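Participant: Next up is a structure, given as structure tokens.
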Amino acid sequence: MLLAWTFALPALAEDGYDLWLRYKPLPEAQARQYRELGAELVAPVQTPTQQAARDELVRGLGGLLGREPAQAAAVRRNGALVVGTPASVPQLASLQGDLEGLGEEGYLIREARIDGRKATVVAANSDVGALYGSFHLLRLVQSGEPLAGVDVRESPRVKLRVLNHWDNLDRYVERGYAGESIWDWHRLPDWLDPRYTDYARANASIGINGTVLNNVNTSAQALTPLYLEKTAALASVFRAYGIKVYLSARFSAPIEIGGLATADPLDPAVRQWWKDKADEIYRTIPDFGGFLVKANSEGQPGPQDYGRNHADGANMLAEALAPHGGIVMWRAFVYSHEEPDDRAKQAYTEFVPHDGVFADNVLVQVKNGAIDFQPREPFHPLFGAMPRTPLMMEFQITKEYLGFATHLVYLGPMYEEVLRADTHARGPGSTVAKIIDGSLESHALTGMAGVANIGVDRNWSGSHFDQANWYVYGRMAWDPHASAEEIARDWARMTFSTDPAVVEPVVSMMMGSHQAVVDYMTPLGLHHLMGRGHHYGPGPWVEGGPRADWTSVYYHRADARGIGFDRSATGSNAVAQYAPPVAEQFGSIDTVPEDFLLWFHHVPWDHRMASGRSLWDELVSRYGRGVDYVRGMRRTWSTLEGKVDQERHHQVAVFLGIQEKEAQWWRDASVAYFQTFSRRPLPAGEAEPPHDVEYYKSLQFPFAPGDGK
Ligand code: BDP
């Protein structure tokens with residue numbers, strides 16, 4: 001008997017599939033406070049979205065409290081949970097006034113008297129708002145938050161909160177580290193994998209309301225009837241959860257699948273083709289969201305192939321979608337065939353002249369920084385520079401340049417740093433967040449995109465901690481002013497335990513993890529030093545090949561004198577793309593934050609740093625600091641053994657071991673390489689790298705995951 005019980009134990013382990021929606025029974029001491037909650041559940045089920053909300057509450061409260069709420073049509077006793085809109089639940093009509101200003105997707109959660117009884121109310125103007133409110137209520141219960149006197153009023157500050165899947169139709173995920181694409185195109189439209197519903201639940205729980213199903217480097221096939229039917233099937237699953245589908249559109253599709261000779265956006269036949277295509281799409285998917293477009297970037301076709309500009313291209317598609325209410329997300333991640341003097345300047349140069357020219361249903365989607373999702377970048381100079389165009393943020397959730405899925409790197413602090421950066425576009429306080437939420441320039445159309453880290457791995461994201469990056473992305477898209485630390489705490493409570501002895505160490509590991517990866521990969525403003533193509537591991541020596549701005553030496557410019565890219569007035573003058581106070585700060589070696597020192601300046605090896613050390617000594621010590629932080633995370637995590645289920649604990653522990661090994665490799669290879677320029681000894685106490693540069697250069701990883709095919 002005892003033996004059987006012992007063997008049965010591993011079944012209690014968790015594989016991470018449930019994400020943050022685990023709904024495990026709360027400890028008795030916490031559950032007690034919810035004794036009355038949901039004694040009755042009054043939540044109509046007239047629509048699929050209402051059904052989704054009720055199902056989630058039954059499942060969630062049932063799991064957390066060990067009893068499913070009794071479903072009822074009316075409030076008869078104290079402790080009822082009432083969920084809906086004034087239209088769906090007449091008893092909520094009295095809240096009509098309070099719901100004003102919450103918009104289509106907002107909600108409130110509070111205690112109220114309904115039919116003379118004490119009730120907890122989740123009320124909204126729409127079914128989706130009530131669904132979001134239900135998830136919020138479940139989060140409170142799951143986190144053990146008291147509900148007495150609860151008074152939540154929430155509405156999203158950003159309209160389009162979208163995931164971008166870089167998934168190819170053959171299920172390969174570009175820059176994906178969590179297995180194949182979850183879209184099983186071959187079996188669609190008939191087989192609707194239950195994962196699609198769980199995907200939608202997870203997204204709705206954090207307010208994500210759109211998903212672009214296919215890669216920005218897409219084939220035109222995605223727009224053929226065969227695939228539109230499959231897309232429609234996915235849309236039918238997501239609809240109940242308030243999620244719209246979007247597709248990446250290949251600019252040359254009129255040629256490839258339309259049989260036209262050109263894709264010139266000013267050609268009437270091309271314009272007609274797109275209009276017909278849009279009509280066809282909306283016949284198949286009436287609530288289709290619109291197109292995401294990567295044009296004239298990294299070899300993708302675009303309007304410049306015909307001597308036209310980005311606005312010509314975007315507006316043509318916008319015109320086709322407008323009658324149906326669709327929108328265009330036109331990416332500003334561009335760089336041309338001709339190498340510019342500094343790649344960091346190109347998006348600004350190409351886009352700013354078109355400010356105010358884009359159609360009303362176009363958003364320009366801008367990566368957080370001007371190069372490419374580096375561990376740390378200063379905010380993109382386009383933010384604040386196009387006041388008459390709604391700019392959408394593009395963050396990367398998948399960790400292409402941040403250790404793939406094996407490194408524990410919580411991206412919340414990085415998102416927060418960018419969103420809180422002050423562009424000074426309209427004087428002090430003109431933060432990136434205010435540009436994204438539309439408040440700075442009074443734009444109603446607003447958006448944020450996150451490049452997804454989702455695949456068929458059981459834990460969805462390739463590692464347990466990478467789930468936190470999906471989570472924080474959604475929460476910050478809902479509220480770009482939110483705190484990364486508070487979100488980390490919510491996530492840790494839901495994902496691991498409500499016990500502060502687990503939550504606090506986990507949160508502290510997470511909060512320093514971004515600085516750590518910056519330190520052991522690209523300290524002090526260095527960037528783009530990863531292995532060529534796949535971006536795995538250190539490659540500061542990468543040079544040659546098709547274009548200079550795909551090499552590392554282009555970016556670090558190390559020589560006998562010093563290191564760093566001079567983007568000040570004496571160099572490429574990229575600083576001039578920022579508003580004057582920012583340009584001034586970044587442009588001077590004395591005022592630039594040390595985090596961006598080598599991003600903007602070529603700095604002598606003996607330059608005195610704030611620490612009093614020389615630049616060379618500081619650089620070496622930063623690398624070491626990053627590795628030390630990872631060691632610290634390993635130690636902290638090992639103290640949580642037994643407090644987190646064994647299966648997840650084990651995998652995280654092993655991954656942290658990999659991370660330490662790779663952080664050390666980054667440090668050793670980088671120090672060995674840069675020392676060939678600095679020709680200075682390592683500071684006292686710093687270990688010599690165990691190998692010479694040639695050894696590190698010789699390491700090859702032809703099958704590293706995620707590289708484009
Ligand atoms: C880079 C990736 C590449 C993407 C490109 C993009 O290396 O795979 O296609 O960005 O965003 O980060 O278009």
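The values are calculated or read from the model by the stated rules, or taken from the named source; none is laboratory data. Please read these numbers as outputs of a predicted model, since none were measured by experiment. Virtual Cβ from ideal backbone geometry, glycine too; neighbours counted across all protein chains shown. Only protein heavy atoms, including side chains, enter the accessible area calculation; ligands, DNA and RNA are left aside. Shrake-Rupley method; radii C 1.70, N 1.55, O 1.52, S 1.80 Å.
Participant: Here is a list of conditions, (1) away from the ligand (no atom under 16 Å from the Cβ); (2) buried (at least 20 other Cβ atoms within 10 Å of the Cβ), and GLU339 meets all of them except one; can you say which number that is?
Facilitator: Result: GLU339 passes all but (2).
Participant: Just the residues that are loosely packed, with under 12 Cβ neighbours inside 10 Å and within 16 Å of the ligand (Cβ to nearest atom), please, taken from the range 665-709.
Facilitator: LYS709
To keep it simple, each residue is scored yes or no on (1) in contact (Cβ under 8 Å) with a residue 24 or more places away in the chain; (2) not in a helix (DSSP H, G or I).
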residue	(1), (2)
TRP599	yes, no
GLY657	no, no
ARG667	yes, no
VAL671	yes, no
ALA704	yes, yes
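Participant: Hey, another quick one. Can you go through ARG153, ARG187 and tell me which one is away from the ligand (no atom under 16 Å from the Cβ), more than 27 Å from VAL362 (Cα to Cα) and either under 23 Å from the mean Cα position of the chain (by Cα) or not in a loop (DSSP other than H, G, I, E, B) (or both)?
Facilitator: ARG153
Participant: Please go through the range 517-574 and give me each residue that is hydroxyl-bearing (Ser, Thr, Tyr), surrounded by fewer than 24 Cβ atoms within 10 Å (Cβ to Cβ) and under 24 Å from the mean Cα position of the chain (by Cα), ordered by number.
Facilitator: Scanning the range 517-574 gives a single hit, TYR536.
Participant: To continue, here is another question. Could you list, in sequence order, the residues of the range 157-167 that are within 15 Å of the ligand (Cβ to nearest atom) and open to solvent by less than 10 Å² (accessible area, probe 1.4 Å)? Steps first, please.
Facilitator: Of the range 157-167, the ones within 15 Å of the ligand (Cβ to nearest atom) are 162-167.
Selection gives VAL162, LEU163, ASN164, HIS165, ASP167.
Participant: Test ALA452 against the stated conditions and say whether it is in contact with a strand residue (DSSP E or B) (Cβ under 8 Å, 6 or more places away or on another chain) and within 16 Å of the ligand (Cβ to nearest atom).
Facilitator: So ALA452 passes the test.
Participant: Further question on the same structure: Check VAL352, VAL366, VAL328 and return the single one that is open to solvent by 10 Å² or more (accessible area, probe 1.4 Å) and either in contact with a helix residue (DSSP H, G or I) (Cβ under 7 Å, 6 or more places away or on another chain) or outside the structural domain of ALA663 (by TED's automatic domain parsing) (or both). Spell out how you get there, then give the answer.
Facilitator: Values: VAL366 fails: open to solvent by 10 Å² or more (accessible area, probe 1.4 Å); VAL328 fails: open to solvent by 10 Å² or more (accessible area, probe 1.4 Å).
Sole residue among the options that is open to solvent by 10 Å² or more (accessible area, probe 1.4 Å) and either in contact with a helix residue (DSSP H, G or I) (Cβ under 7 Å, 6 or more places away or on another chain) or outside the structural domain of ALA663 (by TED's automatic domain parsing) (or both): VAL352.
Participant: Moving to a separate point now. Of the residues SER219, SER181, SER205, which single one is open to solvent by less than 10 Å² (accessible area, probe 1.4 Å) and either among the polar types (S, T, N, Q) or away from the ligand (no atom under 16 Å from the Cβ) (or both)? Break it down into steps so the answer makes sense when it comes.
Facilitator: Details: SER219 fails: open to solvent by less than 10 Å² (accessible area, probe 1.4 Å); SER205 fails: open to solvent by less than 10 Å² (accessible area, probe 1.4 Å).
Exactly one of SER219, SER181, SER205 is open to solvent by less than 10 Å² (accessible area, probe 1.4 Å) and either among the polar types (S, T, N, Q) or away from the ligand (no atom under 16 Å from the Cβ) (or both), namely SER181.
Participant: Going by the conditions given, is TRP470 under 20 Å from HIS650 (Cα atoms) and buried (at least 24 other Cβ atoms within 10 Å of the Cβ)?
Facilitator: Numbers: under 20 Å from HIS650 (Cα atoms): no; buried (at least 24 other Cβ atoms within 10 Å of the Cβ): yes.
Against the criterion (under 20 Å from HIS650 (Cα atoms) and buried (at least 24 other Cβ atoms within 10 Å of the Cβ)), TRP470 does not qualify.
Okay, residues lined up against (1) open to solvent by less than 10 Å² (accessible area, probe 1.4 Å); (2) more than 16 Å from the ligand (Cβ to nearest atom); (3) outside the structural domain of PRO480 (by TED's automatic domain parsing):
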residue: ALA112; (1), (2), (3): no, yes, yes
residue: VAL122; (1), (2), (3): yes, yes, yes
residue: LEU169; (1), (2), (3): no, no, no
residue: ARG201; (1), (2), (3): no, yes, no
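To keep it simple, each residue is scored yes or no on (1) hydrophobic (A, V, I, L, M, F, W, C); (2) free of Cβ contacts under 8 Å to residues at least 24 places away in the same chain; (3) part of a helix (DSSP H, G or I).
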{"site": "ASP55", "(1), (2), (3)": "no, yes, yes"}
{"site": "ALA74", "(1), (2), (3)": "yes, no, no"}
{"site": "ALA87", "(1), (2), (3)": "yes, yes, no"}
{"site": "LEU95", "(1), (2), (3)": "yes, no, yes"}
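Participant: Kindly establish whether VAL245 is under 21 Å from ASN168 (Cβ atoms) and within 16 Å of the ligand (Cβ to nearest atom). Give the steps one after another, and end with the answer.
Facilitator: Values: under 21 Å from ASN168 (Cβ atoms): yes; within 16 Å of the ligand (Cβ to nearest atom): no.
Here the answer is no, as VAL245 does not meet what is asked.
Participant: Starting from residues that are part of a loop (DSSP other than H, G, I, E, B) and surrounded by fewer than 18 Cβ atoms within 10 Å (Cβ to Cβ), keep the ones in the range 282-307 and report whichever is nearest to the ligand (Cβ to nearest atom).
Facilitator: Filtering the range 282-307 for residues part of a loop (DSSP other than H, G, I, E, B) gives 285-289, 294-302, 307.
Next, from what is left, pick out any that are surrounded by fewer than 18 Cβ atoms within 10 Å (Cβ to Cβ): 286-287, 298-299, 307.
Numbers: PRO286: 30, ASP287: 27, GLU298: 6, GLY299: 10, GLY307: 23 Å.
This residue is GLU298.
Participant: Take the range 577-593 and flag every residue that is open to solvent by 30 Å² or more (accessible area, probe 1.4 Å) and either within 27 Å of the chain's Cα centre (by Cα) or within 13 Å of HIS424 (Cα to Cα) (or both). Reasoning before the result, please.
Facilitator: Going through the range 577-593, the residues open to solvent by 30 Å² or more (accessible area, probe 1.4 Å) turn out to be 580-581, 584-585, 588-591, 593.
PRO580, PRO581, GLU584, GLN585, PRO593 - these are the residues of the range 577-593 that are open to solvent by 30 Å² or more (accessible area, probe 1.4 Å) and either within 27 Å of the chain's Cα centre (by Cα) or within 13 Å of HIS424 (Cα to Cα) (or both).
Participant: While we're here: For the range 408-425, indicate whether the set of residues that are among the basic types (Lys, Arg) and open to solvent by 20 Å² or more (accessible area, probe 1.4 Å) is non-empty.
Facilitator: First, pick out the residues of the range 408-425 that are among the basic types (Lys, Arg): 420.
Narrowing the set further to residues that are open to solvent by 20 Å² or more (accessible area, probe 1.4 Å) leaves 420.
Yes: the range 408-425 contains one or more residues that are among the basic types (Lys, Arg) and open to solvent by 20 Å² or more (accessible area, probe 1.4 Å).
Participant: Another one. Could we say that SER513 is assigned to a helix (DSSP H, G or I) and either open to solvent by less than 10 Å² (accessible area, probe 1.4 Å) or of a type in the set (Gly, Ala, Ser) (or both) here?
Facilitator: On the way: assigned to a helix (DSSP H, G or I): yes; either open to solvent by less than 10 Å² (accessible area, probe 1.4 Å) or of a type in the set (Gly, Ala, Ser) (or both): yes.
Taking the combined requirement at face value, the residue satisfies it.
Participant: Please pick out the residue among PHE404, PHE395, PHE373 that is within 16 Å of the ligand (Cβ to nearest atom), surrounded by 20 or more Cβ atoms within 10 Å (Cβ to Cβ), among the aromatic types (Phe, Trp, Tyr) and outside any loop (DSSP other than H, G, I, E, B). Lay out the reasoning, then the answer.
Facilitator: Values: PHE404 fails: outside any loop (DSSP other than H, G, I, E, B); PHE373 fails: outside any loop (DSSP other than H, G, I, E, B).
The unique qualifying residue is PHE395.
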